[in-house]
Structure formats: structure tokens, C-alpha cells
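Colleague: My questions will all concern the structure given below.
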Amino acid sequence: MKEKKIYLAGHKGMVGSAIHRNLEGKGYTKIITKTLDELDLIRQADVETFFRSEKPEVVIIAAAKVGGIWANNVYRAEFLYQNLMIESNLIHSAFQNGVEKLIFLGSSCIYPKLAPQPLKEESLLSGYLEYTNEPYAIAKIAGIKLCESYFKQYESNFFSAMPTNLYGFYDNFDLETSHVLPALIRKFHEAKESNCNSVTLWGTGTPKREFMFVDDLADAIVFLLENVNANDIYSKEISQINIGTGEDLTIAEAAEIIASVVGFEGVINYDSSKPDGTPRKLMDVSRLHNLGWNHKTSFREGIEKTYKWFVENKI
Ligand code: GFB
């Protein structure tokens, strides 16, 4: 696999940059990347021209329009349209140009809001989605089904991996559009630095989330690249494979740990006028474990690494 020409779509984002680091660390040298200025993945003709000229042998789709609960709930049309266009253009051009293997990334929000926990791959499409991220989830489910359909109709070696909530280096720390963990890191840091004695978080703090450090996710993706093919997934009557830690905690518990790492000792308040989102989304990762891969970074260790990076790079 190391001799293959790999196109890594979305290499500048938190996930893409982590996969890039992991590939380079393992000795991959033929990694093709394109910035948004060089290639707008929403423009089908440009994507087709790129694939015809570059002819990648492998494609990893880490490019997407992403964000936390507030961004998903507000920019609903952008999340649906942009993610549909990005995945459709990349998956179809990969098929047209005979790409040997493609891995598509989604998110644990594709599962029904109230599906039995932990979430099994088989529970996809078994119930209603969480309202706040329904557009993004529908786009990602469409991408999953597109990969599966190219496999079933043309035997394309295209499959999907569904990571749990992620955090780490190069995350988005904007307080409106970010996911919860970078928002908490920044809120506690700024409160500590300004000697403010209280921080207000969204919702009630009671929802549970599973969080994976992004470098572990990247390692899992490269593990799948080197050890798994589409038939290994679809022959098990599932459409995608879960990637997670198998452990979750409440937002309030995560906040306490982050406050402790940052050194914030004030009061944590909750604004229940803001949405809680889905009550829980712990993924069943037994299939990934049975394949021989496990995460390495504990929650506290990942937060410590991320906070150190935040202080060194974002202040
Ligand atoms: O990561 P997050 O924004 O999205 O987490 P989801 C939201 C949870 O954290 C909610 C609470 O329960 C929020 O009430 N929270 C508390 C906060 N304070 C904050 C804060 O300051 N900022 C944010 N963002 N949340 C996303 C999906 O769901 O998960 C995406 O919308 C994607 O599509 C992503 O699937 C992985 O975990 O609820």
C-alpha cells in the first residue's frame, strides 16, 4: 500500500491533517493534497479534471463541511448541500478513474437519535435522526450508500468509516461553530486568564458523548487502509464500520476534567436555553476491536495534549 498514489481530500482540517501526519510517519511518500484554492470539491468539472490528470490509486475523503450542534442546526442547507456535492463528486470521479480503494468518513450522528446504545452498525436507518444535525446526517448517509452502491453495481472497493466525536490538534475553536470540547477548552482558558469566576456552557450537561483523540482516529483510518477492503464490510451485511473508544461520559464530567487540565477553579453554569442534542451516541466498536485495532489515548491525556497545542498555537 505504501507505493500507492493516495489523494487525501481535506488535508488541512483536523482529521485530514492527522491522517496526513500518520501516513507520513508510516513512510507513505506519494500523498496528493489540494487546498480549497487549488481545487473546489463542490465544482464537479474541476474534480473530474483533477482526477483525470492526477490518476490517484487510493482516495481518503476527510473533506466535509463540519461543525458543532449550533452550526449544524443553523447552517442546515450548507451542511446538506456542500457535503452531498463533495462526496458525490469525489466518489463518482474515483469510480470513473478506476481508483483501487476509497475510504469515506462520516460521523456517529448518522444513527437514530434513540437507537439502542451502544450503537451497532446495523442500526443505521432504523429510526428518526436527531433534529439538530439531520441535514449533515442525511448527507453522510447518502455518502455511505453511494460507496455501497458502487460496490454492489460495479464492485468498486469503496467503503465508509464512522468516527465518534473527535477532538485534537488543528480543531476549530470558534465559540459558535465549534464542537463541544474545543469550546470548553477555550472558555475555561479565557476565564482563567481573565480571572473570571464562572463559565457558562450550553444545555444541561447531562447528555453523554464518546470522544476520540484525532491522532487515534487517523491511526484507525490507516489501519483500515492497510487491512480492510469493501467486501470485508459489506459481506457482514453492514454499510459502514464504527470507529470509537467504546467509553462515554456526560458533558458535565468532561467539563470537570477539562477545567482541571486548564486550571480553571470557578463555577460552571449551564444555559438550558441552548440545545442538548442527542442524549447519547456511544458506538459499538467490537467489530473494529475484533479486526485488531484499539485506541491508545485516554480522555485526560488527549485533553492535556490538545490544551498544550491550543496554548502554543491559538493564543
Ligand atoms: O460537539 P457538539 O457541539 O455536537 O456537542 P454533538 C454538543 C453537546 O455539548 C450538547 C453541549 O449537549 C451541547 O449542549 N455543549 C455545552 C456545548 N457547551 C457547549 C459549547 O460551548 N459548545 C458546543 N458546541 N456544545 C455533533 C453533530 O453533535 O457531533 C455533528 O451536530 C457531528 O454533525 C458531531 O456529528 C460529531 O455531539 O451534539
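The values are calculated or read from the model by the stated rules, or taken from the named source; none is laboratory data. From a predicted model like this one, the values you see are computed outputs, not experimental measurements. A quick note on method: Cβ atoms are made from the backbone with ideal geometry, for glycine too, and the neighbour counts reach across all protein chains shown. The accessibility values were calculated without ligands, DNA or RNA, using every heavy atom of the protein model including side chains. Shrake-Rupley method; radii C 1.70, N 1.55, O 1.52, S 1.80 Å.
Colleague: Round to a whole angstrom and tell me the spacing of the C-alpha centers of the range 150-164 and the range 251-288.
Modeller: So the separation of the two Cα centres works out to 32 Å.
Colleague: Give the residue list of GluC sites (Glu not before Pro) in the range 188-253 that are DSSP loop and have at most 13 other beta-carbon atoms within 10 angstrom.
Modeller: 237
Colleague: Classify the range 89-245 as rounded, prolate or oblate from the Cα gyration tensor: take a ≥ b ≥ c as the square roots of its eigenvalues, call it rounded if a/c is under 1.5, otherwise prolate when a/b beats b/c and oblate if not.
Modeller: In terms of gyration-tensor shape, prolate.
Colleague: A further question follows. For residue 120, give me every one of the lysines with a C-alpha distance below 23 angstrom, ignoring sequence neighbours fewer than eight places off in its own chain.
Modeller: Candidates past the 8-residue exclusion: 140, 145, 152, 208, 236, 281, 296.
Colleague: Quick check on the range 199-240: take the gyration tensor over C-alpha atoms, sort the square-rooted eigenvalues as a ≥ b ≥ c, and tell me if it's rounded (a/c under 1.5), prolate or oblate.
Modeller: oblate
Colleague: Can you check what the net charge comes to around residue 251, using other residues whose Cβ is under 13 Å from the Cβ of residue 251 (Lys, Arg +1; Asp, Glu -1)?
Modeller: So the environment of residue 251 carries a net charge of 0.
Colleague: Hey, could you get me the Stokes-Einstein D for the chain, Kirkwood radius over alpha-carbon pairs, 4 °C and 1.567 mPa s, rounded to whole µm² s⁻¹?
Modeller: Taking Rh from Cα pairs, D becomes 65 µm²/s.
Colleague: In nm, give the distance between the simple-model label positions of residue 257 and residue 152, each being 7 Å from the Cα along the Cα-to-Cβ direction.
Modeller: So the label points at residue 257 and residue 152 sit 3.9 nm apart.
Colleague: Still on this structure: Hey, any idea what Rg/Rh is for the range 159-253, computing Rh the Kirkwood way over Cα pairs?
Modeller: Reported Rg/Rh (Cα atoms, Kirkwood Rh): 1.10.
Colleague: Hey, could you grab the Kirkwood Rh for the range 1-145? Inverse mean 1/r over distinct alpha carbon pairs, Å, one decimal.
Modeller: 16.1
Colleague: Still on this structure, I have one more. For the range 13-52, what % of the accessible area comes from carbon and sulfur atoms, probe 1.4 Å?
Modeller: The value for the range 13-52 is 46 percent carbon and sulfur by accessible area.
Colleague: Could you size up the charge dipole of the range 69-181 around its Cα centre, putting +1 on the beta carbon of Lys and Arg and -1 on that of Asp and Glu, and report it in debye to the nearest 20?
Modeller: With Lys and Arg at +1 and Asp and Glu at -1, about 240 debye.
Colleague: Going Cα to Cα from residue 187, which lysines come in below 18 Å? Please leave out same-chain ones fewer than 8 positions away.
Modeller: Of all the lysines, those that pass the test against residue 187 - Cα under 18 Å, at least 8 places apart if same chain - are 274, 305, 308, 314.
Colleague: So which GluC sites (Glu not before Pro) in the range 68-155 end up in coil per DSSP with only 11 or fewer other C-beta atoms within 10 Å?
Modeller: Passing sites in the range 68-155 are 155.
Colleague: Further, regarding this structure: Specify the inter-centroid distance of the range 176-203 and the range 228-242, based on alpha-carbon positions, in whole Å.
Modeller: So the separation of the two Cα centres works out to 39 Å.
Colleague: Which aspartates and glutamates have a Cα less than 16 Å from the Cα of residue 12, not counting those fewer than 8 places away in the same chain?
Modeller: 24, 37, 38, 40, 171, 215
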